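In what follows, a structure is listed as structure tokens, so that the remarks can point back to it.
The values are calculated or read from the model by the stated rules, or taken from the named source; none is laboratory data. Here the structure is a predicted model, which means the values were calculated and not measured. Glycine gets a Cβ as well: all are built from the backbone with ideal geometry, and neighbour counts include every protein chain shown. Each accessible area value is taken on the protein alone, full model and side chains, heavy atoms only, with ligands, DNA and RNA left out. Shrake-Rupley method; radii C 1.70, N 1.55, O 1.52, S 1.80 Å.
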Amino acid sequence: MELTRLNDAPKPNQPLVTHLFTADPSAHVFDGRIYIYPSHDVDHDGPDNDNGDQYAMEDYHVLSMADFESPVVDHGEVLHLRNVPWASKQLWAPDAAYKNGRYYLFFPARDREGIFRIGAATSPSPAGPFEPQPSYIEGSFSIDPAVLVDDDGQSYMYFGGLWGGQLEKWQTGVFRPDAEGPAADAPALGPRVARLSDDMLSLREAPREIAIVDEEGSPILAGDEDRRYFEGPWVHKYNGWYYLSYSTGTTHKLVYAVSREPMGPYTFKGTILTPVIGWTTHHSIVEFRGKWYLFYHDCSLSGGVNHKRCVKYTELRYNEDGTIRTIDPYAE
Ligand code: FUB
């Protein structure tokens, strides 16, 4: 396999790589090395709309680095749309997991009917290439899978995204193409979660909606766009708490909520990252050698073109009470 060595010693808040447009970074530490599973943005001049047609991605690359002082390695193309039997277009934000001696890539794409589903692909190596399953995960829908393998070995898949991600259309449990989101004064739609089977290739149950509530226990409302869930879930554990972080979409923030249970309910806490250059914001959080890091993206590499993004990282810090310090990615 061809390895391309790039960008010596990546700097905080600077693009990890500049030879590709990358987005939606899911970072993991496997065998002591940092692996990043991003979307690979396509450079094109096609339509740009609320349906997300501009995000026309066709393949995935895996990036990795030994530590934050080492070069970033691009492991090349690890999965292409043409090799996914059930998918028609738009390989959006992926995630990866390790279990039972195998690595799993989870990824959303539109099926042959234009409905977003979530697929799985496997590899003996964290750097791929990944072999896709013949069909999408039965019972999956919408976008942005994020998989937590908990300390007891149980895995959870979190997912869901509004607008182009089609989450509104699944409110009744079946796909309704004309369905709209809740009224502004009704509870917002939450991300979905389902436990994965032991082989990581199917859901153990129908996905459930996660409740996100305020400090008084009242649901966050659909009109509360500074706090309500939009897309890009990520769950990590810190000091026995589950932290669910996500994008607020229209208000362009990364925010978080906490729970004692992986499936919630989650209590809203605050903002992790203030808005970046570009419409979307999407992230992951990972611990490496005792410090915590936020991987995120913006559109600085393309001068602000929404669908030509670049992955970056920065350190993430907690306060004594477990709250996360808000990060301004452009602070001097
Ligand atoms: O990259 C395509 C979509 O944009 C992702 O699935 C969303 O989270 C947003 O980043």
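Summary of values
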quantity	calculated
Solvent-accessible heavy-atom area per residue, rounded to whole Å², over the stretch 14-325 at 1.4 Å	38 Å²
³J(HN,Hα) computed for each position of the stretch 135-140 - Karplus, 6.51 cos²θ - 1.76 cosθ + 1.60, integer Hz, glycine/proline x	10, 6, 5, 4, x, 8
Derived scalar couplings ³J(HN,Hα) [the stretch 100-113; Karplus, 6.51 cos²θ - 1.76 cosθ + 1.60; whole Hz; x for Gly, Pro]	6, x, 10, 9, 10, 10, 10, 8, x, 7, 7, 7, 5, 9
Karplus-derived HN-Hα couplings along the stretch 204-220 (A = 6.51, B = -1.76, C = 1.60, θ = phi - 60°), whole Hz, x at Gly and Pro	7, 7, 5, x, 10, 7, 8, 7, 10, 10, 8, 4, 8, x, 8, x, 5
If the convex hull is drawn through the Cα atoms of the stretch 14-325, its volume per residue in Å³	125 Å³
Signed unit charges on C-beta, dipole axis of the chain, positive-most listed residue 28, 128, 49	128
Lysine pair number, Cα distance threshold 16 Å (strictly under), the stretch 14-325, separation 8 or more or different chains	4
For residue 119, distant residues with modelled amide H under 5 Å away	107, 109, 137
Apportionment of accessible area to carbon and sulfur, the chain, percent (1.4 Å)	46 percent
